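A.B. asks: Have a look at the structure that comes next, please.
Derivation of every value follows stated rules applied to the coordinates shown; laboratory data play no part. In this text, all values refer to a predicted model and were calculated from it rather than measured experimentally. Heads up, the Cβs are rebuilt from the backbone with ideal geometry, glycines too, and the neighbour counts pull from every protein chain shown.
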Amino acid sequence: AEILSCLIKRALEKLPEVDLLAIHAGVAGASAPATQKALTDHIRSLIDGKDSLRISVSHDGVNAIEGALGGEAGLLLIAGTGSGVMARPQTNHTQIDHVGGWGYLIGDEGSGYSIGRRGMAAVGHAFDGGPTTTLTDLVRDHLRIHDRYSLLKSISSPDWKFQHVAPLVLQASSDADAVACAIVDDETALLARQAEWLLKKHPNLNRRYTITGGLSNHEYYVASICSAMRGIWPAAEYTPPKGTPLEGAVQIAMRQITGSDAPQ
């Protein structure tokens, strides 16, 4: 709430003459109605004399699908530090369905965290005499990990982040490293499987999908997930995202002004 307060105050300071009509905030973890209401009330408390102001709060994935699909129906695969799949069954409709997003402890297949963790596991296996991989050279050069002891010390540090290893795995996969390719292909297949579960609930969904998140900038990752998606949804077409999550938040706020409800 404190970070949200600072962001809103800074925005209002930069736009003192703007007639503010609506605010939408997409907040990580804000899926529960009680959380959304608490944040909505908090935002309203920051705005003096604006009882008519339309305010909505959703989890941040809603911003992502709104921006990526531009309000149209379709499917969105989210592949960043975490992962998940979202569907909008109808164009300009407030209903949004999603699967995944369970976090790194029990989910986040196809995410930067999961790919990075498996990449480090592969390096450990190589140290033990398992399959050789160029990942051992990459983590040595970029992370100064050169043996069992430096690996254990690094991943035991409170500052360690497995997702920072994902770009190295993707670099190795782009260079046709067999171990790295297998990791990425396995992970994208697991994420596509989540899309398959969602498609069973929405069999008539518009046949288009897109991918957003940091991993969507890597050519091999996109090619791998498109290959997996062809296996479960051969008639669908991949299209790049139309817009960013920030643009999605603006679109949701604009719909509030026209009388539509914000998606949850």
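A.B. asks: Roughly how compact is the range 1-101, stated as its Cα Rg over 2.2 N^0.38 Å to two decimals?
C.D. replies: Ratio of Cα Rg to 2.2 N^0.38 Å: 1.18.
A.B. asks: Among bridges DSSP assigns within the chain, what percent are antiparallel (round to 5)?
C.D. replies: Approximately 50 percent, going by the DSSP bridge assignments.
A.B. asks: Given 25 °C and 0.890 mPa s, compute D for the range 1-44 with the Stokes-Einstein relation, Rh being the Kirkwood radius over Cα pairs; round to the nearest whole µm²/s.
C.D. replies: Estimated diffusion coefficient is 214 µm²/s.
A.B. asks: Straight-line reach from K14: which lysines have Cα under 20 Å away, leaving out those fewer than 8 places along the same chain?
C.D. replies: Hits, sequence-local ones excluded: K50.
A.B. asks: Shifting gears a bit: Quick query: amide H of S83 versus all other amide H atoms, modeled in the peptide plane; which residues come in under 5 Å with a sequence gap of 5 or more or a different chain?
C.D. replies: For S83, the qualifying residues are G101, G103, D108.
A.B. asks: With Cβ to Cβ distances under 14 Å as the rule, what net charge do the other residues near A189 carry (K, R +1; D, E -1)?
C.D. replies: -2
A.B. asks: For E72 and W102, compute 0.36 nm times the residue count separating them, minus their Cα-Cα distance, and round to one decimal in nm.
C.D. replies: Difference between extended and current length: 8.2 nm.
A.B. asks: Can you put W233, W102 in order, fewest other beta carbons within 10 Å first?
C.D. replies: Fewest-to-most ranking of W233, W102: W102, W233.
A.B. asks: Further question: Compute the normalised compactness of the chain: alpha-carbon radius of gyration over 2.2 N^0.38 Å, N being the residue count.
C.D. replies: Compared with the compact-globule rule of thumb, the chain sits at 1.14.
A.B. asks: Could the peptides 163-170, 24-31, 190-197 be put in order, highest first, of the mean number of other beta-carbon atoms found within 10 Å of their residues?
C.D. replies: 163-170, 190-197, 24-31
A.B. asks: Further question: Under a plain spin-label model, where a point goes 7 Å from the Cα along Cα-to-Cβ, how far apart in nm are A178 and V18?
C.D. replies: So the label points at A178 and V18 sit 5.5 nm apart.
A.B. asks: Please give the helix 245-257 orientation as an angle from the longest Cα principal axis of the chain, in degrees from 0 to 90, rounded to the nearest 10.
C.D. replies: Between helix and principal axis, roughly 20 degrees.
A.B. asks: Per the helix-only calculation at 222 nm, which mean residue ellipticity applies to the chain, given -39500 (n - 2.57) for every DSSP H run of n ≥ 4 and division by its residues, nearest 500 deg cm²/dmol?
C.D. replies: Calculated at 222 nm, the ellipticity per residue is -15500 deg cm²/dmol.
A.B. asks: Percent relative contact order of the chain, based on C-alpha pairs within less than 8 angstrom and at least six residues apart?
C.D. replies: 26
A.B. asks: Using the Karplus curve 6.51 cos²θ - 1.76 cosθ + 1.60 with θ = phi - 60°, work out ³J(HN,Hα) for each residue of the range 105-114 in order, rounded to whole Hz, and write x for Gly and Pro.
C.D. replies: 6, 10, x, 6, 4, x, 8, x, 4, 5
A.B. asks: Let me ask something else. Give me I55, I8 sorted ascending by neighbouring Cβ count inside 10 Å, so fewest comes first.
C.D. replies: Ordered by Cβ neighbours within 10 Å, fewest first: I8, I55.
A.B. asks: Then there is this: Less than 19 Å from a label point 7 Å out along the Cα-to-Cβ axis of M254: which backbone N atoms in the range 2-18 qualify, by residue?
C.D. replies: 18
A.B. asks: Express in whole angstrom the spacing between the alpha-carbon centres of the range 197-227 and the range 104-149.
C.D. replies: After rounding, the separation between the Cα centres reads 25 Å.
A.B. asks: How much net charge surrounds K200 when only the other residues with a Cβ under 13 Å from the Cβ of K200 are counted, with Lys and Arg +1 and Asp and Glu -1?
C.D. replies: Taking every other residue near K200 into account, the sum is 0.
A.B. asks: Cα extents of the range 34-152 along the three principal axes, largest first, in whole Å?
C.D. replies: The Cα atoms of the range 34-152 stretch 66, 34, 24 Å along the principal axes, largest first.
A.B. asks: Let me know the Rg and Dmax you get for the range 198-264 when you use only its Cα atoms, in Å.
C.D. replies: 14.9, 42
A.B. asks: How do Y149, Y220, Y209 rank when sorted from fewest to most other Cβ atoms within 10 Å of their own Cβ?
C.D. replies: Y149, Y220, Y209
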